[in-house]
Amino acid sequence: MADSTRILAEKSAALLIRAAVTKAIRDFFDAQGFLAVDTPVRLRAPALERHIDAEPSGSLFLRTSPELHMKQLLAAGYDRIYQLGPCFRRGEQGRLHHPEYTMLEWYRSNADYRDILNDTIALVRAIQRALSQSSRDTFSAHSPGNTEVAPPAHIAKSEGLQESSGGTRSVASSENKQGSIGGWHQAEPLQWQQQSIRLQDEWLQMTVQEAFQKWAGWDPVSDYDADRFDLDLIEKVEPALAREQTPVILMDYPAPAAALARRKPDQPEVAERWELYIGGIEIANAYSELTNVEEQRARFEQCAKEREAAGLTVYPLDEAFLEALPHMPPSGGIALGVDRLVMLFADCATLADITAFLE
Amino acid sequence: MYTASDLRKGLKIEMDGQPCVITDFQFVKPGKGQALYRCKIKNLITGSTVDKTYRAVEKIDKPNLEERDLVYSYQDGEQYVFLDSTTYEQLHLGPDILGDQRFFLVEDMEVQILFHNNNPIEITLPFFVEKEIVETEPGARGDTATNVQKPAKIDNGYELQVPIFINQGDRVRIDTRTGKYSDRVSKGF
């Protein structure tokens, strides 16, 4: 067998988990009355962000996020919407990055980032439950160990891969655990790369200010330094978050790092933005969405200036979005990296391990 | 000069005037933040390793490295003498640079020596070298299948573990990368 075919066959356990995670996501939002939407993948005007580069596609760009279109739907009265689909970011390639990846975004009208946090906690726990429940049906029907289905011999090789990975093993070898549906007890911690993370327990919540004071020794809210913030986040804060036994929510980013979040009404030096970390890996970014059109336009224009000064492509302003923004109710929204979540549930160390094809 | 996007595992760079190699490399990008390149960097002279994070805009020095083929000639006390067969220059190296590799040198062996700013910093031998076992307990017959090993010495006193069936006078092949026994070449008399 060609190497590429063998490698594909060896990914079977991870690909089954990927399918189960995306199904669990759709089931979760469908059950809660969210509307599944599809917005354009090729855009004229990707959101202007200082450090996010769009991949050109003819005279347009591939989307870096569906955010600006989804907010136009909010403005038109669609009050709970979600979308699961591909996004693209130029030049991002590594263990936890790929230029093409799967993003989940959802938005709620008349809500803020705290409502989105409740959704997120419920979603992640629901995915874990769904994986445990589907283990008997889905996994045993497709998994290499099932003799009734008589899988091709080459697929059977991937059995070793399942056995060497903690979370996957729990899913795949479903028969021999007590008190659980399909072998994965709902309260059992997620096992990822020798870390044990309790998804069903209360998640640790701390402000960005607290995290930086504790692990980096300075306060980015009173004295923001973008460059130092990025470096200390990855060198000091994220490694500390990796040692926590539950997921961590980092809340209330310094206002200059607000991106498209609104400022906190009673504390304008921070923005209502949080990030979810599981096992020290950034999984999702949520906002109380900025609805003030003047402030939004000013932020885009400031960003355009910074990109121009850095010699980066300056995308046109999305005027349709800016026209719709005054009609958008106060809303909460989030972007969640589905591939990274699959990586955690499949107990894999890299995105390459849970992605069938990497172009 | 290299830019951060050139960084990759195995790339040799210069940091604080010292030749280094990147032993681990990771692209990272905190949410909404700048692209960063986290590296583990090993100093090629001291062997010590440090963590360093580069920003996308940073420039990294290229080291002035040159690899030359030399021939091992003879041992002179603590020094080992190599000959450059094109310039006929002699190079004396001590145990500080050679490490355990000095035990595996054989006369007329061709080796690669890495120079940084014309100073030798690292030697690479052929992967395998043949040596005679000069000292070991007598071999046990009929025990070729097990992994039982025993100590043995080669001519210069280097000690290694060999299978139980190896006898004094046997010639064996040693893997110079690990310093371990590989296989038997011929039996002694």
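The values are calculated or read from the model by the stated rules, or taken from the named source; none is laboratory data. Because the structure is a prediction, the values reported are computed rather than measured. Positions of Cβ are generated from backbone atoms using ideal geometry, with glycine treated the same way; all protein chains shown enter the neighbour counts. Remember, those area values only see protein heavy atoms, side chains included, never the ligands or the DNA or RNA. Shrake-Rupley method; radii C 1.70, N 1.55, O 1.52, S 1.80 Å.
Here the gap between A:N292 and A:R129, fully extended at 0.36 nm per residue and compared with their Cα-Cα distance, gives a gain of 54.8 nm.
Let me know the mean shielding of B:33-39 by other chains, meaning the per-residue number of their Cβ atoms within 10 Å of its Cβ. Walk me through the numbers on the way to the answer.
Numbers: counts 11, 7, 8, 5, 1, 3, 0.
Neighbouring Cβ atoms belonging to other protein chains average 5 per residue here.
Report the one residue of A:L358, A:F321, A:G279 whose Cα lies farthest in the direction of the positive end of the charge dipole of segment A:266-359 (charges on C-beta: Lys and Arg +1, Asp and Glu -1; origin at the Cα centre). Sorting the options by dipole projection puts first A:L358. From the residues A:F34, A:S109, A:A45, which one has its Cα farthest along the dipole of segment A:1-120 in the positive direction, the dipole being from +1 and -1 charges on Cβ of Lys/Arg and Asp/Glu about the Cα centre? Result: A:A45. Under a model in which nothing but the beta-carbon of Lys, Arg (+1) and Asp, Glu (-1) is charged, the protein assembly as shown shows a dipole of about 1300 debye around its Cα centre. Per residue of A:229-235, other chain Cβ atoms within 10 Å of the residue Cβ number 6 on average. Listed by chain and number, the lysines whose alpha-carbon sits under 30 Å from that of B:K180, ignoring those within fewer than 8 places in the same chain, are B:K9, B:K12, B:K40, B:K42, B:K131, B:K150, B:K153. Here the sum of -39500 (n - 2.57) over DSSP H runs of 4 or more residues, divided by the residues of chain A, equals -10000 deg cm²/dmol at 222 nm, to the nearest 500.
Quick one: pull the percent of accessible area on chain A belonging to carbon and sulfur, 1.4 Å probe, ligands and nucleic acids left out. Show your work: numbers first, answer last.
Values: 7520 of 15370 Å².
Of the solvent-accessible surface of chain A, carbon and sulfur hold 49 percent.
Across segment A:258-267, coupling constants 3J(HN,Hα) worked out from phi with the 6.51/-1.76/1.60 Karplus curve, θ = phi - 60°, read 6, 6, 9, 9, 7, 6, 6, x, 8, 8 Hz, and Gly and Pro carry x.
Seen from B:T87, the other residues with C-beta closer than 12 Å to its C-beta sum to a net charge of -2, counting Lys and Arg as +1 and Asp and Glu as -1.
The angle separating the long axis of helix A:12-31 from the principal Cα axis of greatest extent in chain A is about 50 degrees. Per-residue surface analysis assigns A:E235 an accessible area of about 70 Å², computed on protein heavy atoms at 1.4 Å probe radius.
Dipole orientation for the protein assembly as shown: of the candidates A:A14, B:N117, B:V185, A:A14 has the Cα lying most toward the positive pole (charges on Cβ; Lys, Arg +1; Asp, Glu -1).
Between the helical axis of A:113-134 and the longest alpha-carbon principal axis of chain A there is an angle of about 10 degrees. Summing Cβ point charges (Lys, Arg +1; Asp, Glu -1) relative to the Cα centre of segment A:298-359 gives a dipole of roughly 180 debye.
Using r as the Cβ-Cβ distance of B:S182 and B:V106, and R0 as 22 Å, what FRET efficiency do you calculate, to the nearest 0.05? List each step's numbers first, then the result.
Details: r = 15 Å, r/R0 = 0.68.
Taking R0 as 22 Å, the efficiency between B:S182 and B:V106 is 0.90.
Cα centroid separation, segment A:11-88 to segment B:46-65: 38 Å. The mean number of Cβ atoms from other chains found within 10 Å of a Cβ in peptide A:255-262 is 1, as a whole number.
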